[in-house]
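Colleague: Encoded as structure tokens, here's the structure I'll be asking about.
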Amino acid sequence: MEDVPAEAPEHCPGTQSESAGKVSACQGCPNQLICSSGAARGPDPGIELVRKRMESVKYKILILSGKGGVGKSTFTSLLARGLAAADSDRNVAILDIDICGPSVPRVMGVLGEQVHQSGSGWSPVYVEDNLSVMSIGFLLSSPDDAIIWRGPKKNGMIRQFLSEVDWGVLDYLVIDTPPGTSDEHLSAAQYLLSAGLTGAIILTTPHEVALLDVRKEIDFCRKVNIPLLGVVENMAAFVCPKCKTETAIFPANTGGATKMAEELGVPFLGSLPLDSRLARSCDEGTNFLIDVPDSPMTVAFNKLLTDVVKACEESRNN
Amino acid sequence: MLSGVKHIILVLSGKGGVGKSTVSVLLAIALKECGYKVGLLDVDLCGPSIPYLLNLQEKDVHQCPQGWVPVYSDQDQNLAVMSIGFLLKSKNDAVVWRGPKKHAMIKQFLTDVYWQDIDYLIIDTPPGTSDEHITVMENVRSLNCDGAILVTTPQAVAIEDVRKELTFCRKTGIPVLGVIENMSGFVCPTCSECTNIFSSGGGQSLANIADIPFLGCVPIDPRVGQSVEKEQSCVAKIPDSPVTAVFKDMVKILTKPIAGAEDGTAET
């Protein structure tokens, strides 16, 4: 039933079905002729469009997590900024497919920017010369605007983002996702798998409530054949700025992400500490890696960055 | 549908990981301890956290002639729980569903669960403003829905998404009972220095801008996370935690106007 369009009549047999356009429910549907002719059957034409557009992108990385609020958008922004800063010849872009709660514009400090249309597609918003961003946040007229959409509309939007944005030639495309294992994730997987997806990085926090959902996300990746680059643990420990005592705010009662990664046979990429300055930096949209180079967060992240680059290159060679 | 349910409260947030499930559980327990019969419905299908938070992971749902029997967290059957987590074979199983299937499942949760007579039904939701929310809203709007509690953390990034959720409530006509700010500050257990890890004051300013009641600030207290994981109520077990006070006040706010305005049932 996944191919039933959003505004389909009740009891629509689905556009891919053998009886499309031929059952009584199709009577009066404006698309009856198209469906009965068989033109709607066959693979989604979007897949081919996405594949074409993605030909000029070397590495495509999905940032996933079953759980919300673990730092997907923050990590996405750090990763993109880190990749772009390390080599000025490297072109990096972020695509935010969190349709209902886009955070990337704020985290990247490009809130309120507009997207322009040109002959070759939508132009993304540039943060640096070699770092561009695309998000539904740029298409909303007010920050209060809510996107109240069911799945098929979100699916259409993601297809447009993947096939119609004029990225130019890119080395890295980092894709930020919403929490869960549903429409957005299925659509992204469906379009990107045929376009040479490099893999997914799974983000989590150390406590069991988050790990529970993250295990589901890993199961999802295995079910739909998304290669896993590894697991990153965020918000691991908090160091009191006054007395330097380390406290686990999200305690790893069940062994944390390391143990989960081991149990499920996924590479563990690293652990990032909790730093309140990073939260502030994200709210202000500044570049944390340059502003606070001495933070334990920055040190841990830079180490992780080289591992991510290595993992990407290895997966390309395989 | 939901005929024996007197009041329905939705727990919403545009942002993930802000503590919707924790707030739902603590609120349900606080209401239960005030003598109400409470139901807790988890409509987060892709990431159900309620069974874990109440330590009910191994429990099963049974069928009776009237429908599905929810799982009870206590002997006296004062707190009934329903979640997709009870229906999964393994904790690692992912529910990979698109919207229409989620819609059908939630519809079934709302129509087929035999809650019996309960005073409050608390509905815990996933983040966002999409399928799950539209389905719940469409079905609950015509019933005795008291309204929605919005949960946020103090950072601007979270507030931004919660503003979208507020617009969702306004557009769909769900009354907003108030906003609660979670993870406000962290008091270091060694030196008692309070650090605002995720900044502070965002919930209050959102309440002011949007002109909705502010229900309180919940500081970060690792003891609460741990007590929740052990199926104990912080309201009873850690009476000195500021979290306890917030929830006690919240129960007062939520029960007062309703008990007076309607048939005055469930007095404690």
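Colleague: Round to a whole angstrom and tell me the spacing of the C-alpha centers of the range B:40-71 and the range A:233-265.
Modeller: 29
Colleague: Using only atoms on other chains, find how many Cβ atoms lie within 10 Å of each Cβ of peptide A:81-94 and report the average.
Modeller: Working: counts 0, 0, 0, 0, 0, 0, 0, 0, 0, 0, 0, 0, 0, 0.
If you average over the peptide's residues, the count of other-chain Cβ atoms is 0.
Colleague: Using only alpha carbon pairs under 8 Å that are at least six residues apart, calculate the relative contact order of the range B:5-255 and give it in whole percent. Walk me through the intermediate numbers first.
Modeller: Numbers: 488 pairs, mean separation 62.7, N = 251.
Worked out over the range B:5-255, it gives 25 percent.
Colleague: Now, a different point. Can you pull the accessible area of residue B:152 for me, 1.4 Å probe, Å² to the nearest 10?
Modeller: Its accessible surface works out to 0 Å², give or take rounding.
Colleague: Cross-link list A:72/A:153; A:67/A:216; A:154/B:101: which exceed 18 angstrom alpha carbon to alpha carbon?
Modeller: Check vs 18 Å cut-off fails for A:72/A:153.
Colleague: With a cut-off of 8 Å between alpha carbons and a minimum separation of six or more residues, what is the relative contact order of chain A in percent?
Modeller: Computed value for chain A: 20 percent relative contact order.
Colleague: Specify the inter-centroid distance of the range A:125-201 and the range B:167-194, based on alpha-carbon positions, in whole Å.
Modeller: 29
Colleague: While we're here: Can you pull out the cysteines in chain A that have no other Cys Cβ under 4.7 Å?
Modeller: Taking the Cβ cut-off of 4.7 Å, the unpaired cysteines of chain A are A:12, A:26, A:29, A:35, A:100, A:221, A:282, A:312.
Colleague: Next question. Give the cross-link partners of residue B:6 among the lysines, using a straight C-alpha distance below 21 Å as the criterion and excluding same-chain residues fewer than 8 apart.
Modeller: Straight-distance partners of residue B:6: B:32, B:37, B:107, B:248, B:252, B:256.
Colleague: Which value, to two decimals, describes the C-alpha radius of gyration of the range A:235-289 once divided by 2.2 N^0.38 Å?
Modeller: Dividing the Cα radius of gyration by 2.2 N^0.38 Å gives 1.39.
Colleague: Through the Karplus equation 6.51 cos²θ - 1.76 cosθ + 1.60, θ set to phi - 60°, convert the phi angles of the range B:14-19 into ³J(HN,Hα) values in whole Hz; use x for Gly and Pro.
Modeller: Residue by residue, the range B:14-19 yields x, 9, x, x, 9, x Hz.
Colleague: Do you know the relative contact order of the range A:1-42, to the nearest whole percent, from alpha carbon pairs under 8 angstrom that are 6+ apart?
Modeller: So the answer I get is 32 percent.
Colleague: Heavy-atom accessible area per residue, the range A:45-317, 1.4 Å probe: how many Å²? Please list the in-between numbers first.
Modeller: Values: 9790 Å² over 273 residues.
With the other protein chains kept in place, the range A:45-317 gives 36 Å² per residue.
Colleague: Can you work out the accessible area per residue across chain B, with the rest of the protein chains kept in place, probe 1.4 Å, in square angstrom? It would help to have the intermediate numbers written out before the result.
Modeller: Working: 10050 Å² over 268 residues.
Accessible area per residue: 38 Å².
Colleague: Averaged across A:177-188, how many Cβ atoms of other chains sit within 10 Å of each residue's Cβ atom?
Modeller: Working: counts 0, 6, 9, 15, 7, 15, 6, 3, 4, 3, 1, 0.
Mean partner shielding for this stretch: 6.
Colleague: Under the rule that an exposed site lies in a DSSP loop and has at most 10 other Cβ atoms within 10 Å, name the longest stretch of chain B with no GluC sites (Glu not before Pro) of that kind, not counting the sites themselves.
Modeller: In short, B:59-266.
Colleague: If you average 1/r across every pair of different Cα atoms in the protein assembly as shown and take the reciprocal, what Kirkwood value do you get, in Å?
Modeller: Values: mean 1/r = 0.0406 Å⁻¹.
Mean inverse Cα-Cα distance, inverted, gives 24.6 Å.
Colleague: Still on this structure: Can you return the aspartates and glutamates within cross-link range of residue A:22? Criterion is Cα-Cα under 17 Å, with same-chain partners fewer than 8 residues away left out.
Modeller: A:3, A:10
Colleague: A further question follows. Note the buried accessible area between A and B here, summed over both chains, with a 1.4 Å probe, in Å² to the nearest 100.
Modeller: 4900
Colleague: With a 10 Å radius around each residue's Cβ, average the other Cβ atoms per peptide and rank A:37-44, A:77-84, A:198-205, highest first.
Modeller: Highest to lowest by the protection proxy: A:198-205, A:77-84, A:37-44.
Colleague: Give me a single rounded figure for B:119-126: the average over its residues of other chain Cβ atoms within 10 Å of their Cβ.
Modeller: Average per residue, whole number: 1.
Colleague: Leaving out ligands, DNA and RNA, and with a 1.4 Å probe, what % of the accessible surface on the range B:51-133 is carbon or sulfur?
Modeller: Carbon-and-sulfur percentage of accessible area, whole number: 44.
Colleague: Using mean Cβ contacts within 10 Å as the protection proxy, how do A:260-270, A:158-168 order, highest first?
Modeller: Order by mean packing, descending: A:158-168, A:260-270.
Colleague: A further question follows. What do you get for the angle between helix A:183-193 and the principal long axis of chain A? Use alpha-carbon atoms, 0 to 90 degrees, nearest ten.
Modeller: With both axes taken from Cα atoms, the answer is about 90 degrees.
Colleague: Another question, if that's okay. Computing the accessible area with a 1.4 Å probe over protein heavy atoms, can you report the carbon and sulfur percentage for chain A?
Modeller: C and S atoms contribute 50 percent here.
The values are calculated or read from the model by the stated rules, or taken from the named source; none is laboratory data. Values in this document were obtained by computation on a predicted structure and should not be read as measured data. Using ideal geometry, Cβ is built from the backbone for each residue, glycine included, and neighbour counts are taken over all protein chains shown. When the accessible area is computed, the model is the full protein with side chains, heavy atoms only, and any ligands, DNA or RNA have been set aside. Shrake-Rupley method; radii C 1.70, N 1.55, O 1.52, S 1.80 Å.
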